[in-house]
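Asks: Sharing a structure here in structure tokens format.
Only the coordinates and a few stated rules stand behind these numbers; no lab work does. These figures come from a predicted structure and were not determined experimentally. Counting neighbours? That spans all protein chains shown, and the Cβs are built from the backbone with ideal geometry, glycine included.
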């Protein structure tokens, strides 16, 4: 006989998501949850039907690898943050060591 309700852990496993994501879905209203009692700290219970409905509502766009890659000429024209930070650090070190014999 199949269970009528599922716990957070069982629902997360069924959906293939983490418990944190499951909680976000509940707070966003994407997944319907039921409390065991009227107490605010009462654990949530879920139905299999509600879980599958929430899963069907998730849409993912097609993955296009070409759109994520930029031409190398475009990438090379922008200075990297690491180079900027390294240059600033070298400038600061020159000021601190000026006249102490270190170059």
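Asks: Quick check on my filter: what residues within the range 5-21 are buried (at least 16 other Cβ atoms within 10 Å of the Cβ) and assigned to a helix (DSSP H, G or I)? Please lay out each step first, then the result.
Replies: The initial filter retains those residues of the range 5-21 that are buried (at least 16 other Cβ atoms within 10 Å of the Cβ), namely 6, 8, 11-12, 15, 17.
Once the filter is applied, which keeps residues that are buried (at least 16 other Cβ atoms within 10 Å of the Cβ) and assigned to a helix (DSSP H, G or I), the range 5-21 yields 8, 11, 12, 15.
Asks: Keeping to the range 9-20, report how many residues are within 21 Å of the chain's Cα centre (by Cα) and closer than 16 Å to residue 52 by Cβ. Please lay out each step first, then the result.
Replies: Within the range 9-20, the subset within 21 Å of the chain's Cα centre (by Cα) is 9, 11-20.
This time we only want the ones that are closer than 16 Å to residue 52 by Cβ, so: 11-17.
Residues in the range 9-20 being within 21 Å of the chain's Cα centre (by Cα) and closer than 16 Å to residue 52 by Cβ: 7 in total.
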